[in-house]
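Participant: Below are the structure tokens for one structure; questions will follow.
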Amino acid sequence: MEGKTQSAFAEERLQLTKTAAVMEEQLELLEQMHRYTGHDFTEQLLEETREIRRQNLKSSRQEPYFARLDFEENGTTATGPLYIGKKGIEHEATNKPLVIDWRAPVASLFYSFTGGDAPATYECPEGTIEGKVHLKRNIVIRKQELERVVDTYSDEDEGAAATDEFLLYRLGENKDNKLRDIVSTIQAEQDRIIRSPRDKALIIQGVAGSGKTTVALHRLAFLLYQYREQMRAERMIIFAPNRMFLDYISGVLPELGVGDIQQTTFNDWALEVLENEVKLVDASKELEHWFAVKDESWDEQALTPGRFKGSVAFMQYLEACLAGLADHVLPDTDYEAWEMAILPAATIREWFDKEYAHYPLMKRKERVTARIERWLTMELEQVRDPNRRKEFKKKANARLKAYLKTWAETRTYEVYLEITARAKESDLVPAELKEFVPAQFAQELTDGAKSRKVREEDLPALAYLRYILYGDEGRTRFDHVVIDEAQDFSPFQVALLRKFTREGSFSILGDLSQGIHAYKGIRQWQEFTSLFGENETGYFQLEQSYRSTMEIIEFANEVLVRGGGAPLLAVPVFRSGRQVGVYPAERQSAEIARILRGLDPAAVKTTAVIGRTAASCRELARELAKEGIEASLLDAKQATYGGGLSVVPAYLAKGLEFDAVIVADADARSYRAAPAEAKLLYVACTRALHELHLVYSGGEVSPLVRL
Ligand SMILES: Nc1ncnc2c1ncn2[C@@H]1O[C@H](COP(=O)(O)OP(=O)(O)OP(=O)(O)O)[C@@H](O)[C@H]1O
């Protein structure tokens, strides 16, 4: 075995030397070629291709490939081994592949074939290709040096399948401040999602650490490769919960050679659609309010304005109100510019209802106003006496201003105020929904009316109203939309994004067990699938968790069970680490400092102290500083994540991960045995890759915690 490994290593070192030499030669050749700057279209295209090849060669030089696949297609004689890399590279003279792009159809075998007697198959434009896999080999190259060779399948030695060994080696590595690509270890169940056709809204329920975010990013890279004629990076968009999370994931797409994809939060996007017509109340204050430790459980607060404002019923209510509004925009009076110059109400209505009917309401208003102004100019031209004309013009303008004031209000925010004020009494709100319309609903908005301040739960409705009133305002529709942490999205948000998307191409990913924003998120994925047509969605479930050790996953699963159960518990990969520690403390900061000092700096690069609330985190950071430990305190306004030691409230840690996590405030009052609080503690615990510790003070440990 030892000898075999050594000869495989020697073989691959030779191969690497050969490939590197060919690549250098290719690059030199391309660099020497004259760069075309003329106007001939064909020549321009050829130059573009050459430039892409130059760039690919330059970026692939250091690590040209990460895998080898020996595949024999049925009916052909065995071809040479295929080397798979992040970028495809062709031999300039022969056009033969030197390195295959990981997204190419044949490369899918590397991910999907896991052994067994059944023939290996993959799909490509020519149909299904069948054959035999002889070898699957992982190859680690760093800075042009071969570091590791691991055979994950060999038909000569079936017992030696070592998929797990290589995966474990990768999972055991330390984390810095950025998420990374996983091209060399994509698992079969993840590969199926990544390579799914573009024409569906995929809903992916995945346990914590199952790779949802990572898979979504790889899927974007795949779609851009597979549908390069139809999809464009700048027409794709990723929605993530906050800017810090966006910063954390920002490294993956460039690693995969993909740029230009829009990345934002729903709030930022909606405010942009609204052209900043409204302002958002300080979201960090809202969050602090929601996640404060209270006497009643959150579950009792579930029927909140947010649930109603995020519902499809509310969306339909707005549509119905607006349909009615169009009938009432115009008054029934004529416009009398001056005596004898009268534009009848019927003519104005004719323009509004018929000629400009295909425009959105606000545009219709603008067009009709412009038309009246044109009519007025013509009428004035007929007045010969310049003095009288001047006098009439003055009068007509004043009257026009007054006349337009009698038209119904159609500005977004004002319409929203008007509509929401009527919701409780309106016949348009179905009876069964009335009880969900919160009593303080309109009042809250009216209170903030002067400052035009709204809550984030008002944004979907406002953005939708703007869309109905003004149309898409020249915005290009999205080719694909990724929604991460989608369990915290409302059906209204998704339905709205659907309107801004070309063909319903979505990747919607989340975990119901991490649905900590009970006041706005969904309870079941069905709430989203029902927004699309029968054959327009696909559902995937990821159960394997790759982030944390077995000990951490088992501990976290029990939190969910103790909190009232979870529909789906995570299955860990077989990666064992330290036992989870639970420590009572007189002073939490002293205990946390003790744990921090005991961490092995070589094994732990990123650490988080996760507190229950923002207030408790501020306190912890202060106390730790007194112990001589400096940490970055992360808050809701944070735009970047710098790694190192962080103190962060549980609700903001979602989506992030750290080598070691210390959960503070693990006491019985901070985390009670209720589903919503179990979810929050679950989120906190599952942020840890290698080490997890819990600290509590002030009496009893949380009933969610296994001692
Ligand atoms: N196939 C894989 N090979 C190697 N690492 C993987 C694989 N899949 C996931 N991971 C790693 O597991 C970790 C979790 O991935 P990711 O953050 O994408 O999961 P998630 O499902 O979005 O998690 P959460 O819902 O808890 O935020 C990351 O470190 C990622 O690199």
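Participant: Quick one: residue 676 ticks every box in (1) within 30 Å of residue 215 (Cβ to Cβ); (2) of a type in the set (Gly, Ala, Ser); (3) at pLDDT 90 or above; (4) in a helix (DSSP H, G or I) except a single one, so which number is it?
Facilitator: Residue 676 satisfies every listed condition except (3).
Participant: Continuing with the same structure: Filter the range 604-648 down to the residues that are part of a helix (DSSP H, G or I) and in contact (Cβ under 8 Å) with a residue 12 or more places away in the chain and list them by number.
Facilitator: Hits for the range 604-648 are 614, 615, 616, 617, 618, 620, 621, 623, 624, 626.
Participant: Of 133, 149, 99, which residue is under 23 Å from residue 189 (Cβ atoms) and of a type in the set (A, V, I, L, M, F, W, C)?
Facilitator: 133
Participant: Taking the range 666-707 as the search range and keeping residues that are more than 23 Å from the chain's Cα centre (by Cα) and of a type in the set (Val, Ile, Thr), which one is farthest from the ligand (Cβ to nearest atom)?
Facilitator: Out of the qualifying residues, it is 701.
Participant: Further question: Quickly run through the range 608-617 and pick out the residues that are β-branched (Val, Ile, Thr) and open to solvent by less than 10 Å² (accessible area, probe 1.4 Å).
Facilitator: Within the range 608-617, 609, 610 qualify.
Participant: Find the residue count for the range 472-489, including only residues that are within 11 Å of the ligand (Cβ to nearest atom) and free of Cβ contacts under 8 Å to residues at least 12 places away in the same chain.
Facilitator: Total meeting the criteria: 0.
Participant: Filter the range 690-707 for residues that are open to solvent by 10 Å² or more (accessible area, probe 1.4 Å) and not in a loop (DSSP other than H, G, I, E, B) and give the result.
Facilitator: 690, 691, 696, 701 - these are the residues of the range 690-707 that are open to solvent by 10 Å² or more (accessible area, probe 1.4 Å) and not in a loop (DSSP other than H, G, I, E, B).
Participant: Here's a follow-up. Please go through the range 636-657 and give me each residue that is β-branched (Val, Ile, Thr) and at pLDDT 90 or above, ordered by number.
Facilitator: 647, 648
Participant: Tell me the residue from 611, 642 that is within 18 Å of residue 292 (Cβ to Cβ), in contact with a strand residue (DSSP E or B) (Cβ under 8 Å, 6 or more places away or on another chain) and away from the ligand (no atom under 16 Å from the Cβ), please.
Facilitator: Matching residue, one of 611, 642: 611.
Participant: If residue 513 satisfies all but one of (1) part of a loop (DSSP other than H, G, I, E, B); (2) buried (at least 20 other Cβ atoms within 10 Å of the Cβ), what's the number of the condition it fails?
Facilitator: For residue 513, the exception is condition (1).
Participant: Restricting the search to the range 259-268, which residues are at negative phi and free of Cβ contacts under 8 Å to residues at least 40 places away in the same chain?
Facilitator: 259, 262, 263, 264, 265, 268
Participant: Now, a different point. Here is a list of conditions, (1) loosely packed, with under 14 Cβ neighbours inside 10 Å; (2) at pLDDT 90 or above; (3) farther than 14 Å from residue 73 by Cα, and residue 94 meets all of them except one; can you say which number that is?
Facilitator: It is condition (2) that residue 94 fails.
Participant: On to the next question. Any idea which of 152, 121, 163 is among the polar types (S, T, N, Q) and modelled with pLDDT of 90 or more?
Facilitator: Only one candidate passes the filter, namely 121.
Participant: Let me ask something additional. For the range 208-267, name all the residues that are touching a Lys or Arg at 6+ places or on another chain (Cβ under 6 Å) and within 16 Å of the ligand (Cβ to nearest atom).
Facilitator: The answer is 209, 222, 251.
Participant: Is it true that residue 522 is closer than 29 Å to residue 310 by Cα, in contact with an Asp or Glu (Cβ under 9 Å, 6 or more places away or on another chain), within 13 Å of the ligand (Cβ to nearest atom) and assigned to a loop (DSSP other than H, G, I, E, B)?
Facilitator: Answer is no for this residue.
Participant: If we keep just the residues of the range 649-665 that are within 16 Å of the ligand (Cβ to nearest atom) and outside any strand (DSSP E or B), which is nearest to residue 248 (Cα to Cα)?
Facilitator: It comes out as 656.
Participant: Could you name every one of the helices (runs of 4 or more DSSP H) located completely within the range 1-116 that has at least 2 residues being more than 39 Å from the chain's Cα centre (by Cα)?
Facilitator: Output list reads 2-32.
Participant: Keeping to the range 114-153, report how many residues are surrounded by 13 or more Cβ atoms within 10 Å (Cβ to Cβ), charged (D, E, K, R) and more than 16 Å from residue 83 (Cα to Cα).
Facilitator: Matching residues across the range 114-153 total 2.
Participant: Kindly indicate the residue of the range 534-577 that is over 27 Å from the mean Cα position of the chain (by Cα) and open to solvent by less than 10 Å² (accessible area, probe 1.4 Å) and also modelled with the highest pLDDT among those meeting that condition.
Facilitator: 555
Participant: In the range 582-596, what residues are modelled with pLDDT of 95 or more and either of a type in the set (D, E, K, R) or surrounded by fewer than 14 Cβ atoms within 10 Å (Cβ to Cβ) (or both)?
Facilitator: Scanning the range 582-596 gives 591, 594.
Participant: If residue 201 meets every condition in (1) closer than 25 Å to residue 150 by Cα; (2) out of contact with any helix residue (DSSP H, G or I) (no Cβ under 7 Å at 6 or more places or on another chain) apart from one, which number is that one?
Facilitator: Among (1) closer than 25 Å to residue 150 by Cα; (2) out of contact with any helix residue (DSSP H, G or I) (no Cβ under 7 Å at 6 or more places or on another chain), residue 201 violates only (1).
Participant: Now, a different point. I'm trying to understand the selection: among the residues of the range 498-538, which are more than 27 Å from residue 472 (Cβ to Cβ) and of a type in the set (D, E, K, R)?
Facilitator: 511, 523
The values are calculated or read from the model by the stated rules, or taken from the named source; none is laboratory data. The structure displayed is predicted, hence computed values, not measured ones. Here the Cβ is made from the backbone with ideal geometry for all residues, glycine too, and neighbour counts use every protein chain on show. Heavy atoms of the whole protein, side chains included, go into the accessibility calculation; ligands, DNA and RNA do not. Shrake-Rupley method; radii C 1.70, N 1.55, O 1.52, S 1.80 Å.
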